Amino acid sequence: MRRIRINGRRQLKGLIPISGAKNAVLKLMAAALMAPGESVIHNVPHIQDVFTMVDLLKTLGVGVQFEENTLRLAVGEQIGEEAPHELVRKMRASIQVMGPLLGRLGRVRVSLPGGCAIGERPIDFHLKGFKQLGAQIREEHGYIYAEVKELRGVDIQLDYPSVGATENLMMAAALAKGTTQIRNAAREPEIIEVQNFLNQMGARIRGAGTDVIRIDGVETLHPAEHTVIPDRIEAGTYMVAGAIAGGEVTLQPVIPQHVSSLIAKLEEAGIEVSVEDDKITVYSTGSYRAVNFQSLPYPGFPTDLLPQVMAMMTLAKGTSVIRETVYTNRYKHVSELRRMGANIILADRSAVVQGVSALSGAEVVVPDLRAGAALVLAGLGAHGTTIVEDDGHLDRGYDNLVGKLQGVGAEIGFLE
Ligand code: EPZ
């Protein structure tokens, strides 16, 4: 358990460096399994989920070197076929090795991921797609067993634009016989990253970023080298920090298009946002209007930024209506925000936030990754001292969060 102490209401000023995208790099690491040899990934963030994926790759026999922000993955001719329970329960993204192992070996065993703080998060869309590609699937003792002689290309219509299912099926289909089309595919930027990396490995994939992805299967893939795009959720988190705390915060590198829905919402709230190449600057007086929004699959407003903008709305002028459409429980931080004086009414997946004139610092506990970020942001805007108790959630997705905020003048640090 680590305790972060924040003395609120300090204006922020300066540049925050943005790290590589967590939700891209985890999938590229899984994709590397598909080709014997050494793949290299640059701009890898130092976050717990990457360390967990490194552990998983090591249990599958991959040699891993992680220096600075470069990962060298030495994948052997022989690789394992099981993602064990102790790693899958730590990180749901472990299931992203299913597509690669099914494609390369024709068999895979993965512990069924449990739910997590934000919802039960089943993997039925993944399994349905694997079956359509010809795999036999059975569930036993909490594990999923998938086997296939040869994956065969097929037309897949996803019930929902699931990010993980789109990626898992793309990877399996890359080594299938024939052509696969994935319709109603997720359109997140991280999907394009997976397409680009697989194509660098010799795959033949087109359409990522749209709702129809076409994969022409190939016989084999070879290792590749790739630099990961900046993390749009990390960048969005710090944009909201600047809005709440007031001042002038610049983020770099960032791909502005990837946070366009947040930029629109901040401007609607009366915050000034300037965009220049791979830089975004947020100018704020700390005073802004309430706005309404709902989370949606990309390019809609991202669910992973909903808790952060909710924290911002607790201090807005007016009332904000917020609706979560992706997960069943994105509000585990609400009770903690209320302890800081926030006025929030919950009704199923919706929240009504009545802006208050001030939040007061309090001791709060982090329930999950993005809720934790929301509590840190609330602390930046609160009067007095906020102590954020975090049992490793923040480190899963933010590389040096405390240091990056210190770098722009936040009075934040670890309590020994
Ligand atoms: C990815 O999760 C991200 N994680 C999540 O970010 C992000 O919130 C999510 O996409 C949506 O953008 C990674 O990329 C590692 P989904 P994923 O499949 O792939 C339901 C963060 O904080 N569903 O698009 O698991 C599911 O329960 C994390 O960085 C099924 O019902 O998301 C959820 O309600 C949190 N059956 C919805 O679909 C399935 O087979 C969206 O899930 C798969 C998903």
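Quick notes on this one:
- Selection status of Val108, at pLDDT 95 or above and either over 27 Å from Gly202 (Cβ atoms) or buried (at least 19 other Cβ atoms within 10 Å of the Cβ) (or both): yes
- Counting only residues that are part of a strand (DSSP E or B) and open to solvent by 30 Å² or more (accessible area, probe 1.4 Å), region 212-221 holds 2 of them.
- Counting only residues that are touching a residue at least 40 places away in the same chain (Cβ under 8 Å) and part of a loop (DSSP other than H, G, I, E, B), region 268-286 holds 3 of them.
- Which listed residue is closer than 30 Å to Gly8 by Cβ, of a type outside the set (D, E, K, R), over 15 Å from the mean Cα position of the chain (by Cα) and open to solvent by 20 Å² or more (accessible area, probe 1.4 Å), from Gln257, Gln252: Gln252
- When Val249, Val254 are checked against the criterion of being away from the ligand (no atom under 16 Å from the Cβ), in contact (Cβ under 8 Å) with a residue 40 or more places away in the chain, within 26 Å of His393 (Cβ to Cβ) and assigned to a loop (DSSP other than H, G, I, E, B), a single residue qualifies: Val254.
- Residues in region 164-203 that are over 19 Å from Phe130 (Cβ atoms) and within 10 Å of the ligand (Cβ to nearest atom): Glu188, Glu190.
- Flag not set for Arg152, criterion: free of Cβ contacts under 8 Å to residues at least 24 places away in the same chain, over 30 Å from Ala371 (Cα atoms) and either away from the ligand (no atom under 16 Å from the Cβ) or surrounded by fewer than 20 Cβ atoms within 10 Å (Cβ to Cβ) (or both).
- Leading residue by the ranking (farthest from Gln181 (Cα to Cα)) among those in region 125-144 that are within 13 Å of the ligand (Cβ to nearest atom) and at pLDDT 95 or above: Ile137
- Annotation note: of Gly379, Gly361, Gly403, Gly372, the sole residue that is over 18 Å from Gly246 (Cα atoms) and in contact with a strand residue (DSSP E or B) (Cβ under 8 Å, 6 or more places away or on another chain) is Gly372.
- Long-range neighbours under 7 Å by Cβ, at least six apart or interchain, first residue closer than 14 Å to Gln48 by Cβ and open to solvent by 10 Å² or more (accessible area, probe 1.4 Å) within region 17-33, second outside any helix (DSSP H, G or I) and of a type in the set (A, V, I, L, M, F, W, C): Lys22/Ile47
- If you go through region 337-370 and keep only what is within 16 Å of the ligand (Cβ to nearest atom) and under 24 Å from Arg10 (Cα atoms), you end up with Val366, Leu369, Arg370.
- For region 156-211, the set of residues classified as surrounded by fewer than 22 Cβ atoms within 10 Å (Cβ to Cβ) and aromatic (Phe, Trp, Tyr) consists of Tyr160 only.
The values are calculated or read from the model by the stated rules, or taken from the named source; none is laboratory data. Everything quoted here is computed from the prediction, not taken from an experiment. Cβ atoms come from the backbone with ideal geometry, glycine included; neighbour counts cover every protein chain shown. All accessible areas refer to the heavy atoms of the entire protein, side chains included, with ligands and DNA or RNA removed. Shrake-Rupley method; radii C 1.70, N 1.55, O 1.52, S 1.80 Å.
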